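Structure first, then comments.
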Amino acid sequence: MPTFRPFEKNQDKASPNRNFAPITTELDSKERLLVGGCRLAKLAEIYGTPLYVLDELTIRNACREYTKSLNDNYPGESLAVYASKANSSLVISNIVASEGMGIDVVSEGELITALRGGVPKEKIVFHGNNKSLDELYLAYENDVIIVLDNQNDIDLLKKITSLHQKKARLMLRFTPGIECHTHEYIKTGHIDSKFGFNLDELESVFNQLKGIRWGRLIGLHAHIGSQIFEVDPHKDLADVMAEALQIGRKLGHSIQMLNVGGGLGIRYISSDDPPSISQWVKVVSESVVKSCRSRSLELPLLMCEPGRSIIGPAGVTIYQIGSRKEISNIKTYISIDGGMSDNPRPITYQSKYSACLVDRPLADKEEIVTIAGKHCESGDVLLNEFPLPMSFKDEFLGVFSTGAYNFSMSSNYNRIPKPAAVIVNNGESELIQRRELPEDLLRNDIVPDRFIAKG
Ligand SMILES: *Cc1c(COP(=O)(O)O)cnc(C)c1O
């Protein structure tokens, strides 16, 4: 049977996205799993399950590796910006900011989380393909970089800024027309994407933005997709972006930034073999330099926007094992106390994960089981046909690489409260998100008088 060894000896500490598990994962003297010096089963006992565990050092190492690789490989200025849609909270904003990175946000909620988390406003980038008037106003008021995605953004901003003197700092997002091998749902750079201006609209948008009183076009943005293991699409992207930069500058804009988006993949299962952060940054940097130099363009500030590769590998979700159903010669289901509400990726993208019993990670794998969630959907399965030791009811199961797009995509389906989240470091654990209570779910319910039960 294939084995899953989250505590592999040859962990790539500099590039957490290449590992199965947080970089601090180790065994204690009784061969139980520790992350950040904390025993996972113990955390489950203290904080309850399901529980999101985030390893601080894994997050920080990923941030440092992006910044260091940019400094080492790109001769101009650079800034890595964390895509906070991957997992947004005050503490994560704070960690990323303390590592000198910026943040990209796509809603009022993500924006206030970044601001209150201590991210300097000049390092905040505001995205979105359907920004509301309120969202744009908030972004303008707070002087964050606003990424123009479409004509609607331009029209709304003109309105907002008409009574003010201040110029908005603007980036222009366009669709670079680049395909890459990832799940159909998360390709965004291809021609039929909903995001950004089309390439053939660029010139007229540049002309439209020329000499405007209400803003200054300072950068261009494109993003080609997520969970990408290839680096070549970024070479093509650099070329398309440099071409656009040249046109923009010719048309009178002093564009100083190229933002190449995010997308570096992470390791969810043993066959996943993503490039390291430094390999990715090297290709991106060298391609931008080459594409700019061949057009005799002054080097822009290079920005990139990693999300998953910063936070994904730092996360482990701990569940408690509950019921068991055997269908002889077909399948064995083991049900856990969470599922698609705390991790909607398997049901949404057929994403695969790796898991183990956190107090018996070395035990022989004796059966192939399907780990099912507790929701009323047959598709609510977190792991399909995965090898595990014979497990007991109430044992704790850890699912790895769950730091990105789990909490941020979580729901209250079946009126299930969202899990708590803790951050671990150096043997200490601290709550960073309290567990929702069933009462919290009633908070927004309103009962008009005529519905109140009599008697
Ligand atoms: C989702 C997204 C990112 C981050 O993508 P990852 O694959 O998580 O690195 C960056 N930029 C934009 C515009 C995005 O939509």
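The values are calculated or read from the model by the stated rules, or taken from the named source; none is laboratory data. Just so we're clear, the structure is a prediction, and the values are computed from it rather than from any experiment. Neighbour counts are summed over all protein chains in view; Cβ atoms, including those assigned to glycine, are modelled from backbone coordinates with ideal geometry. Just the protein is used for accessible areas: all its heavy atoms, side chains included, with ligands, DNA and RNA removed. Shrake-Rupley method; radii C 1.70, N 1.55, O 1.52, S 1.80 Å.
Taking a straight Cα-Cα cut-off under 28 Å and skipping sequence neighbours fewer than 8 places away in the same chain, the lysines within cross-link reach of Lys13 are Lys30, Lys42, Lys68, Lys85, Lys123, Lys235, Lys282, Lys352, Lys365.
Looking at the chain, the accessible area is 43 square angstrom per residue; that uses a 1.4 Å probe and ignores ligands, DNA and RNA. What you get for the chain, charging only the Cβ of Lys and Arg (+1) and of Asp and Glu (-1), is a dipole of about 740 debye around the Cα centre. For the chain, the 222 nm mean residue ellipticity estimated from helices alone, with every DSSP H stretch of n ≥ 4 adding -39500 (n - 2.57) and the total spread over all residues, rounds to -8000 deg cm²/dmol. When peptides 192-201, 444-453 are ranked by their average number of other Cβ atoms within 10 Å per residue, the highest-first order is 192-201, 444-453.
Put simply, the amide H of Ala168, placed in the peptide plane, has neighbours under 5 Å in Gly215, Arg216, leaving out anything fewer than 5 places away on its chain.
Residue by residue, region 201-213 carries 3J(HN,Hα) couplings of 8, 3, 4, 5, 5, 4, 5, 4, 8, 6, x, 5, 7 Hz when phi is fed to the Karplus relation 6.51 cos²θ - 1.76 cosθ + 1.60 (θ = phi - 60°); x denotes Gly or Pro. Residues Asp232, Asp364, sorted by accessible area with the largest first, give Asp364, Asp232 [1.4 Å probe; ligands and nucleic acids excluded].
Karplus-based coupling profile of region 306-322, in residue order and whole Hz: x, x, 3, 6, 7, 10, x, x, 6, x, 10, 9, 9, 10, 10, 6, x, with θ = phi - 60° in 6.51 cos²θ - 1.76 cosθ + 1.60 and x standing for Gly or Pro.
Taking region 4-47 and a reference point 7 angstrom along Cα→Cβ of Asn426, the backbone N atoms nearer than 13 Å belong to 37. Other residues with beta-carbon under 14 Å from the beta-carbon of His253 carry, at +1 per Lys or Arg and -1 per Asp or Glu, a net charge of +4.
By its C-alpha gyration tensor, with a ≥ b ≥ c as the square roots of the eigenvalues, how is region 57-311 shaped: rounded for a/c under 1.5, else prolate for a/b larger than b/c, else oblate? Judged from the Cα gyration tensor, region 57-311 comes out oblate (a/c at least 1.5, b/c at or above a/b). Straight-distance candidates among the lysines for linking to Lys158, with alpha-carbon spacing under 17 Å and chain neighbours fewer than 8 residues away dropped: Lys131, Lys166, Lys167, Lys210.
Between Leu382 and Ile371, Ala372, Gly373, the built amide H atoms are under 5 Å apart, and every one of these is 5 or more places off in sequence or on another chain. Within the shell of other residues whose beta carbon sits under 13 angstrom from the beta carbon of Glu428, the net charge comes to -1, with Lys and Arg scored +1 and Asp and Glu -1. Summary of packing: across the peptides 137-147, 270-280, the per-residue average of other C-beta atoms within 10 Å ranks them, highest first, as 137-147, 270-280.
Relative to the longest principal axis of the Cα atoms of the chain, the long axis of helix 277-293 makes an angle of roughly 10 degrees. Taking Cβ atoms as reference points and 13 Å as the exclusive limit, the residues near Leu441 contribute a net charge of 0, counting Lys and Arg as +1 and Asp and Glu as -1.
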